[in-house]
1. All but one of (1) at pLDDT 95 or above; (2) closer than 21 Å to Leu223 by Cβ hold for Gly54, so report the exception by its number.
2. Search segment 222-245 for residues that are closer than 18 Å to Val143 by Cβ and assigned to a loop (DSSP other than H, G, I, E, B) and pair each with any residue that is at pLDDT 95 or above and of a type in the set (Asp, Glu) when their beta-carbon atoms are under 9 Å apart and the residues are at least 6 apart or on different chains.
3. Going by the structure shown, is Thr34 in a loop (DSSP other than H, G, I, E, B) and out of contact with any Lys or Arg (no Cβ under 8 Å at 6 or more places or on another chain)?
4. Based on this model, can you work out whether Ala185 counts as within 11 Å of the ligand (Cβ to nearest atom), within 22 Å of Gly17 (Cα to Cα), exposed (fewer than 15 other Cβ atoms within 10 Å of the Cβ) and not polar (S, T, N, Q)?
5. Among Ser130, Ser116, Ser139, Ser135, which is the only one that is open to solvent by less than 10 Å² (accessible area, probe 1.4 Å) and near the ligand (Cβ under 10 Å from one of its atoms)?
6. Exactly one of these conditions fails for Gly211: (1) without any contact (Cβ under 8 Å) to a residue 40 or more places away in the chain; (2) over 26 Å from Gly30 (Cβ atoms); (3) among the small types (Gly, Ala, Ser); (4) open to solvent by less than 50 Å² (accessible area, probe 1.4 Å). Give me its number.
7. Quick one: what pairs do we get from segment 38-57, first residue within 11 Å of Ala23 (Cβ to Cβ), second more than 10 Å from the ligand (Cβ to nearest atom) and open to solvent by 90 Å² or more (accessible area, probe 1.4 Å), C-beta under 6 Å, 6+ apart or different chains?
Amino acid sequence: MITLKDKNILVTGASSGIGRAIAIMASELGATVTILGRNTDKLKETISLLTGNGHTMHTVDLSVSEDIDQLISQSIAYDGVVFNAGIVEYMPVKFLNDNKIDTTFSVNFDSSVILSQKLIKKKLLNKKGSLVFISSISSKLGVAGTAMYASSKAALTAFSKVLASELASQGIRSNSICPGIVKTAMTEQANDVVSEEELQKAESEYPLGYGETTDVAGLVMYLLSDMSKWMTGSDLTIDGGFTLK
Ligand SMILES: NC(=O)c1ccc[n+]([C@@H]2O[C@H](COP(=O)([O-])OP(=O)(O)OC[C@H]3O[C@@H](n4cnc5c(N)ncnc54)[C@H](OP(=O)(O)O)[C@@H]3O)[C@@H](O)[C@H]2O)c1
(Lines give C-alpha, C1' and ligand atoms only; values in the text may rest on other atoms or scores of the structure.)
Protein backbone atom coordinates (compact mmCIF):
# COMPACT_ATOMS: atom_id res chain seq x y z
CA MET A 1 0.00 0.00 0.00
CA ILE A 2 1.24 3.47 -0.81
CA THR A 3 1.22 5.64 2.30
CA LEU A 4 2.59 9.11 3.04
CA LYS A 5 1.81 8.89 6.76
CA ASP A 6 4.12 11.06 8.91
CA LYS A 7 5.60 12.75 5.84
CA ASN A 8 5.83 16.50 5.36
CA ILE A 9 5.29 17.28 1.70
CA LEU A 10 5.76 20.63 -0.08
CA VAL A 11 3.90 21.17 -3.37
CA THR A 12 4.63 24.23 -5.50
CA GLY A 13 1.88 25.56 -7.76
CA ALA A 14 -0.90 23.85 -5.80
CA SER A 15 -3.52 26.54 -6.32
CA SER A 16 -4.91 24.70 -9.36
CA GLY A 17 -4.61 21.83 -11.81
CA ILE A 18 -2.07 19.06 -11.31
CA GLY A 19 -0.54 20.65 -8.18
CA ARG A 20 -3.92 20.81 -6.49
CA ALA A 21 -4.60 17.15 -7.32
CA ILE A 22 -1.17 16.22 -5.90
CA ALA A 23 -1.84 18.11 -2.65
CA ILE A 24 -5.28 16.52 -2.25
CA MET A 25 -4.04 12.98 -2.92
CA ALA A 26 -1.00 13.41 -0.64
CA SER A 27 -3.29 14.51 2.20
CA GLU A 28 -5.56 11.52 1.55
CA LEU A 29 -2.52 9.26 1.91
CA GLY A 30 -1.69 10.76 5.31
CA ALA A 31 0.83 13.50 4.50
CA THR A 32 0.96 16.90 6.10
CA VAL A 33 1.02 19.21 3.12
CA THR A 34 2.46 22.68 2.56
CA ILE A 35 1.21 24.34 -0.60
CA LEU A 36 2.27 27.47 -2.40
CA GLY A 37 1.29 29.62 -5.33
CA ARG A 38 0.56 33.29 -6.04
CA ASN A 39 -3.23 33.23 -5.84
CA THR A 40 -4.28 33.28 -2.17
CA ASP A 41 -7.99 32.60 -2.81
CA LYS A 42 -7.24 29.56 -4.94
CA LEU A 43 -4.75 28.28 -2.36
CA LYS A 44 -7.47 28.59 0.31
CA GLU A 45 -9.76 26.57 -1.95
CA THR A 46 -7.11 23.84 -2.21
CA ILE A 47 -6.61 23.84 1.58
CA SER A 48 -10.37 23.38 2.04
CA LEU A 49 -10.19 20.22 -0.12
CA LEU A 50 -7.41 18.54 1.90
CA THR A 51 -7.99 15.60 4.23
CA GLY A 52 -6.70 15.81 7.81
CA ASN A 53 -5.21 18.69 9.78
CA GLY A 54 -2.03 20.73 10.00
CA HIS A 55 -1.74 21.69 6.34
CA THR A 56 -0.36 25.14 5.55
CA MET A 57 -0.34 27.51 2.59
CA HIS A 58 2.01 30.30 1.56
CA THR A 59 1.36 32.96 -1.03
CA VAL A 60 4.66 32.88 -2.89
CA ASP A 61 5.75 34.16 -6.27
CA LEU A 62 8.55 31.77 -7.19
CA SER A 63 10.08 34.30 -9.55
CA VAL A 64 10.78 36.56 -6.55
CA SER A 65 13.77 35.29 -4.57
CA GLU A 66 12.67 37.13 -1.37
CA ASP A 67 9.45 35.08 -1.45
CA ILE A 68 11.49 31.87 -1.57
CA ASP A 69 13.65 33.14 1.34
CA GLN A 70 10.51 33.83 3.35
CA LEU A 71 9.31 30.26 2.79
CA ILE A 72 12.69 28.79 3.75
CA SER A 73 12.79 30.94 6.91
CA GLN A 74 9.90 28.81 8.27
CA SER A 75 12.59 26.11 8.78
CA ILE A 76 10.22 23.20 8.15
CA ALA A 77 12.02 20.04 7.02
CA TYR A 78 10.37 18.12 4.20
CA ASP A 79 10.25 14.42 3.32
CA GLY A 80 9.07 15.24 -0.16
CA VAL A 81 9.00 18.25 -2.46
CA VAL A 82 7.04 18.43 -5.71
CA PHE A 83 8.36 21.11 -8.04
CA ASN A 84 5.17 21.53 -10.01
CA ALA A 85 4.65 25.28 -10.59
CA GLY A 86 4.98 26.20 -14.24
CA ILE A 87 3.87 28.56 -16.94
CA VAL A 88 3.63 28.36 -20.71
CA GLU A 89 3.71 31.04 -23.36
CA TYR A 90 3.37 30.04 -27.00
CA MET A 91 5.63 32.03 -29.30
CA PRO A 92 7.73 31.37 -32.40
CA VAL A 93 11.47 31.76 -31.81
CA LYS A 94 11.66 34.85 -34.04
CA PHE A 95 9.47 36.78 -31.56
CA LEU A 96 11.46 35.87 -28.42
CA ASN A 97 13.37 38.48 -26.47
CA ASP A 98 15.39 38.53 -23.22
CA ASN A 99 12.29 39.25 -21.16
CA LYS A 100 10.27 36.37 -22.64
CA ILE A 101 13.18 33.99 -22.12
CA ASP A 102 13.63 35.07 -18.49
CA THR A 103 9.93 34.95 -17.63
CA THR A 104 9.51 31.30 -18.58
CA PHE A 105 12.86 30.13 -17.27
CA SER A 106 12.56 31.97 -13.96
CA VAL A 107 9.37 30.08 -13.01
CA ASN A 108 9.86 26.74 -14.79
CA PHE A 109 13.56 26.25 -14.09
CA ASP A 110 15.41 28.88 -12.02
CA SER A 111 12.93 28.81 -9.13
CA SER A 112 13.26 25.02 -8.78
CA VAL A 113 17.05 25.29 -8.77
CA ILE A 114 17.01 28.08 -6.18
CA LEU A 115 14.38 26.44 -3.96
CA SER A 116 16.07 23.04 -3.98
CA GLN A 117 19.48 24.62 -3.33
CA LYS A 118 18.16 26.58 -0.34
CA LEU A 119 16.44 23.48 1.07
CA ILE A 120 19.71 21.52 0.75
CA LYS A 121 21.90 24.25 2.25
CA LYS A 122 19.54 24.79 5.21
CA LYS A 123 19.30 21.00 5.71
CA LEU A 124 15.54 21.10 5.25
CA LEU A 125 15.35 17.84 3.30
CA ASN A 126 14.97 14.81 5.54
CA LYS A 127 17.00 11.63 4.93
CA LYS A 128 15.21 9.29 2.50
CA GLY A 129 13.42 12.34 1.13
CA SER A 130 12.03 12.44 -2.39
CA LEU A 131 12.16 15.29 -4.90
CA VAL A 132 9.75 15.17 -7.84
CA PHE A 133 10.10 17.58 -10.76
CA ILE A 134 7.13 18.04 -13.09
CA SER A 135 8.66 18.36 -16.54
CA SER A 136 6.71 17.74 -19.77
CA ILE A 137 6.78 15.57 -22.90
CA SER A 138 7.18 18.90 -24.70
CA SER A 139 10.84 18.62 -23.64
CA LYS A 140 11.18 15.56 -25.91
CA LEU A 141 9.17 16.83 -28.88
CA GLY A 142 9.70 19.87 -31.04
CA VAL A 143 6.31 21.49 -31.21
CA ALA A 144 6.45 24.87 -32.96
CA GLY A 145 5.91 27.78 -30.60
CA THR A 146 7.03 25.96 -27.45
CA ALA A 147 10.75 26.79 -27.54
CA MET A 148 11.06 28.35 -24.08
CA TYR A 149 8.59 26.00 -22.41
CA ALA A 150 10.18 22.86 -23.90
CA SER A 151 13.72 24.05 -23.20
CA SER A 152 12.97 25.01 -19.60
CA LYS A 153 11.41 21.59 -19.00
CA ALA A 154 14.35 19.77 -20.61
CA ALA A 155 16.66 21.73 -18.30
CA LEU A 156 14.53 20.70 -15.33
CA THR A 157 14.80 17.01 -16.22
CA ALA A 158 18.58 17.30 -16.55
CA PHE A 159 18.79 19.15 -13.23
CA SER A 160 16.79 16.42 -11.50
CA LYS A 161 19.26 13.78 -12.71
CA VAL A 162 22.27 15.74 -11.42
CA LEU A 163 20.58 16.20 -8.03
CA ALA A 164 19.95 12.43 -7.93
CA SER A 165 23.73 11.87 -8.12
CA GLU A 166 24.61 14.58 -5.65
CA LEU A 167 22.02 13.61 -3.00
CA ALA A 168 22.14 9.81 -3.18
CA SER A 169 24.69 9.59 -0.34
CA GLN A 170 22.07 11.21 1.93
CA GLY A 171 19.42 8.76 0.76
CA ILE A 172 17.52 11.60 -0.94
CA ARG A 173 16.02 10.68 -4.31
CA SER A 174 15.22 12.90 -7.28
CA ASN A 175 13.02 11.97 -10.24
CA SER A 176 11.19 13.83 -12.97
CA ILE A 177 7.89 13.20 -14.71
CA CYS A 178 6.99 14.14 -18.27
CA PRO A 179 3.19 14.29 -18.63
CA GLY A 180 1.41 14.54 -21.93
CA ILE A 181 -1.67 16.76 -22.23
CA VAL A 182 -3.84 17.00 -19.12
CA LYS A 183 -6.79 19.37 -19.28
CA THR A 184 -6.12 22.24 -16.85
CA ALA A 185 -6.04 26.04 -16.84
CA MET A 186 -2.67 25.76 -18.58
CA THR A 187 -3.99 23.77 -21.53
CA GLU A 188 -6.95 26.14 -21.85
CA GLN A 189 -4.35 28.72 -22.90
CA ALA A 190 -3.78 26.61 -26.01
CA ASN A 191 -7.28 27.67 -27.10
CA ASP A 192 -5.78 31.09 -27.86
CA VAL A 193 -3.53 29.64 -30.55
CA VAL A 194 -5.21 26.39 -31.61
CA SER A 195 -8.84 25.86 -32.67
CA GLU A 196 -11.20 23.54 -30.77
CA GLU A 197 -11.24 21.30 -33.86
CA GLU A 198 -7.43 21.02 -33.81
CA LEU A 199 -7.48 20.25 -30.09
CA GLN A 200 -9.98 17.44 -30.64
CA LYS A 201 -7.87 16.06 -33.49
CA ALA A 202 -4.81 16.20 -31.23
CA GLU A 203 -6.66 14.19 -28.57
CA SER A 204 -7.35 11.46 -31.13
CA GLU A 205 -3.56 10.97 -31.30
CA TYR A 206 -3.60 9.93 -27.63
CA PRO A 207 -4.45 6.19 -27.55
CA LEU A 208 -5.91 6.65 -24.05
CA GLY A 209 -7.16 10.20 -24.62
CA TYR A 210 -5.99 13.24 -22.66
CA GLY A 211 -5.07 12.71 -19.04
CA GLU A 212 -6.69 13.82 -15.82
CA THR A 213 -4.84 15.63 -13.05
CA THR A 214 -5.23 12.58 -10.79
CA ASP A 215 -3.41 10.40 -13.36
CA VAL A 216 -0.24 12.45 -12.83
CA ALA A 217 -0.87 12.80 -9.09
CA GLY A 218 -1.00 9.00 -8.72
CA LEU A 219 2.50 8.62 -10.16
CA VAL A 220 3.75 11.43 -7.93
CA MET A 221 2.37 9.57 -4.87
CA TYR A 222 4.43 6.52 -5.81
CA LEU A 223 7.59 8.63 -6.17
CA LEU A 224 6.99 10.41 -2.85
CA SER A 225 6.38 7.15 -1.01
CA ASP A 226 8.90 4.59 0.22
CA MET A 227 7.52 2.16 -2.39
CA SER A 228 9.90 3.83 -4.86
CA LYS A 229 12.90 3.79 -2.49
CA TRP A 230 15.18 2.28 -5.17
CA MET A 231 14.22 4.77 -7.84
CA THR A 232 16.29 7.87 -8.44
CA GLY A 233 17.44 9.83 -11.50
CA SER A 234 14.50 8.52 -13.50
CA ASP A 235 12.63 10.51 -16.09
CA LEU A 236 9.16 9.00 -16.40
CA THR A 237 6.77 9.62 -19.27
CA ILE A 238 3.03 9.50 -18.55
CA ASP A 239 1.11 10.42 -21.68
CA GLY A 240 -1.69 7.95 -22.43
CA GLY A 241 0.51 6.37 -25.09
CA PHE A 242 1.01 9.55 -27.15
CA THR A 243 4.74 8.95 -27.68
CA LEU A 244 4.25 5.28 -28.65
CA LYS A 245 4.36 6.25 -32.30
N1 LIG B 1 -1.52 20.40 -18.19
C2 LIG B 1 -0.68 19.79 -19.00
O3 LIG B 1 -1.06 19.31 -20.10
C4 LIG B 1 0.75 19.61 -18.62
C5 LIG B 1 1.55 18.73 -19.36
C6 LIG B 1 2.88 18.56 -19.02
C7 LIG B 1 3.39 19.24 -17.93
N8 LIG B 1 2.60 20.10 -17.21
C9 LIG B 1 3.22 20.79 -16.09
O10 LIG B 1 2.46 20.54 -14.92
C11 LIG B 1 2.61 21.63 -14.02
C12 LIG B 1 1.23 22.07 -13.54
O13 LIG B 1 0.52 22.60 -14.64
P14 LIG B 1 -1.07 22.62 -14.75
O15 LIG B 1 -1.42 22.05 -16.05
O16 LIG B 1 -1.68 22.07 -13.51
O17 LIG B 1 -1.33 24.20 -14.88
P18 LIG B 1 -2.05 25.26 -13.94
O19 LIG B 1 -3.38 24.78 -13.50
O20 LIG B 1 -1.95 26.53 -14.68
O21 LIG B 1 -1.11 25.29 -12.66
C22 LIG B 1 0.12 25.98 -12.62
C23 LIG B 1 0.45 26.25 -11.18
O24 LIG B 1 1.71 26.94 -11.13
C25 LIG B 1 1.59 28.06 -10.27
N26 LIG B 1 2.50 29.13 -10.63
C27 LIG B 1 2.66 29.68 -11.85
N28 LIG B 1 3.55 30.68 -11.77
C29 LIG B 1 3.96 30.76 -10.47
C30 LIG B 1 4.85 31.60 -9.76
N31 LIG B 1 5.53 32.59 -10.36
N32 LIG B 1 5.00 31.39 -8.44
C33 LIG B 1 4.31 30.41 -7.80
N34 LIG B 1 3.45 29.58 -8.41
C35 LIG B 1 3.28 29.77 -9.74
C36 LIG B 1 0.12 28.48 -10.42
O37 LIG B 1 -0.31 29.15 -9.25
P38 LIG B 1 -0.67 30.71 -9.16
O39 LIG B 1 -1.36 31.11 -10.42
O40 LIG B 1 -1.51 30.77 -7.92
O41 LIG B 1 0.65 31.36 -8.98
C42 LIG B 1 -0.59 27.14 -10.51
O43 LIG B 1 -0.87 26.63 -9.22
C44 LIG B 1 3.37 22.71 -14.78
O45 LIG B 1 4.72 22.69 -14.43
C46 LIG B 1 3.21 22.30 -16.24
O47 LIG B 1 4.25 22.76 -17.04
C48 LIG B 1 1.30 20.29 -17.53
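1. Status for Gly54: all satisfied but (2).
2. Correct list of pairs: Gly240/Asp215.
3. no
4. yes
5. When all the criteria are applied, what remains is Ser135.
6. (2)
7. Thr51/Glu28
The values are calculated or read from the model by the stated rules, or taken from the named source; none is laboratory data. As the structure is a computational prediction, the values presented were derived from the model and not from experiment. Backbone-built Cβ (ideal geometry, glycine too); neighbour counts: all protein chains shown. Keep in mind that these areas ignore ligands, DNA and RNA; they rest on the heavy atoms of the full protein, side chains included. Shrake-Rupley method; radii C 1.70, N 1.55, O 1.52, S 1.80 Å.
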